[in-house]
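All remarks here apply to the structure that follows.
The values are calculated or read from the model by the stated rules, or taken from the named source; none is laboratory data. This is a predicted model, so every value here is computed, not measured. Note that we place each Cβ from the backbone using ideal geometry, even for glycine, and neighbour counts take in every protein chain shown. These accessible areas exclude ligands, DNA and RNA; they are computed on the full protein's heavy atoms, side chains included. Shrake-Rupley method; radii C 1.70, N 1.55, O 1.52, S 1.80 Å.
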Amino acid sequence: MRRTGVYRRGLRFLRQRWRVVVRLVLWSVLETAQTFLLGYALARALDDGFLAGRTDVGLGWLGAAAGAVLVGAFGTGRVYGGVAG
């Protein structure tokens, strides 16, 4: 029974701060997309680039991976701001 009160207070707390929660979710999606993009770009760099003998394609995918890291870093910074909110 006691737990129910804690959950209700928690939900009420989150409902009062719904804008912060939405921002946190959106920035978190950007942050997690970086993980997918980094892995995908590295796989493509190896498969379509370096292992296929196409260094230019491999370097292009590594550049895309670097861009994904920058985007993820931006998202991570925003997530921390959302958590603080």
Checklist entry - At 222 nm, what helix-only mean residue ellipticity would the chain give, in deg cm²/dmol to the nearest 500, using -39500 (n - 2.57) for each DSSP H run of four or more? => result -30000 deg cm²/dmol
Item to check | Mean accessible surface per residue for segment 3-75, computed with a 1.4 Å probe while every protein chain stays in place, in Å² | outcome: 74
Checklist entry - When you count, for each residue, the other Cβ atoms within 10 Å and take the mean per peptide, how do 48-56, 7-15 rank with the highest first? => result 48-56, 7-15
Item to check | Long-range amide H partners of ARG17 with built H, under 5 Å | outcome: none
Checklist outcome for this item: Ranked by GNM mean-square fluctuation in the chain (Cα springs under 10 Å), the top entry among TRP61, TRP27, TRP18 is TRP18
Item to check | Carbon plus sulfur fraction of accessible area for segment 3-75, probe 1.4 Å, in percent | outcome: 68
Item to check | 3J(HN,Hα) from dihedral phi, segment 47-53, Karplus parametrisation 6.51/-1.76/1.60, rounded to Hz, x for glycine, proline | outcome: 5, 8, x, 5, 6, 8, x
Item to check | Candidate values (i) 6.3; (ii) 7.1; (iii) 4.9, label of the one derived for mean projected area of the Cα convex hull in nm² | outcome: (ii)
